[in-house]
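Input: a single structure, listed below in C-alpha cells.
The values are calculated or read from the model by the stated rules, or taken from the named source; none is laboratory data. Treat the numbers as computed from the prediction; the structure is a model and nothing was measured. As a convention, Cβ positions derive from the backbone with ideal geometry for all residues, glycine included, and neighbour counts pool all protein chains shown.
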Amino acid sequence: MKLSTSDRKKFRVKSKVKKVAGLDRLRLCIYRSTKNISAQIIDDKNNKTLFSASSIEKEIKNLKMKNKTDLSKIVAERLAKKAKEKKVSKIYFDRGVYKYHGRVKVFAETLRKNGMDF
C-alpha cells in the first residue's frame, strides 16, 4: 500500500523526534486546521494522552478571536498552565506535517516563554 505525501511526512518527523528524545520526556503533538488549533501531551511509554488544549473549548471559543495567531497563543498558554499543574516541563515537539512557521512557530515560542523545555 502506498502512503500519501502527508502520511510520509508525518511518519518521518515522528520517527526523527522519537530517536532524539529520551524516555524522560513526553511528546507534544500539534494539529492545526484552517480555523482552529489543538495540541496534546502524550506519554509514549504508556500510550496515553495526559492533557490537551484546543481552540474549540468553550472558554476559548467565547473570546471571539479574529486573529488565528493570537488564538494559538491563548491555546499554548492554556496548555502550559495545565502542564505546570501536573509538574511537566520537559517535552519534545512533534510538529507533524506542519512547517515550523506561522501559527506553529508562535505556539512553540509561547510554550517556551511559559516554562516548557524542548
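Say we look at segment 50-96 and pick out the residues that are in a strand (DSSP E or B) and in contact (Cβ under 8 Å) with a residue 40 or more places away in the chain; which of these is farthest from VAL106 (Cα to Cα)?
Among residues in segment 50-96 that are in a strand (DSSP E or B) and in contact (Cβ under 8 Å) with a residue 40 or more places away in the chain, the one farthest from VAL106 (Cα to Cα) is LYS90.
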Completion exercise
Over segment 26-53, the set of residues over 13 Å from VAL75 (Cα atoms), charged (D, E, K, R) and surrounded by 18 or more Cβ atoms within 10 Å (Cβ to Cβ) is ARG27
Problem - Flag if ILE56 is at pLDDT 90 or above, surrounded by fewer than 17 Cβ atoms within 10 Å (Cβ to Cβ) and of a type in the set (A, V, I, L, M) - result: yes
Exercise for the section: Please enumerate the residues belonging to segment 97-112 that are under 14 Å from ILE41 (Cβ atoms) and either out of contact with any strand residue (DSSP E or B) (no Cβ under 8 Å at 6 or more places or on another chain) or not aliphatic (A, V, I, L, M) (or both). Expected result: PHE107
Practice task
Go through segment 43-96 and give me each residue that's within 13 Å of the chain's Cα centre (by Cα) and on the phi > 0 side of the Ramachandran plot.
Solution key: GLY96
Exercise for the section: For segment 19-39, name all the residues that are part of a helix (DSSP H, G or I) and either under 20 Å from SER52 (Cα atoms) or touching a residue at least 40 places away in the same chain (Cβ under 8 Å) (or both). Expected result: VAL20
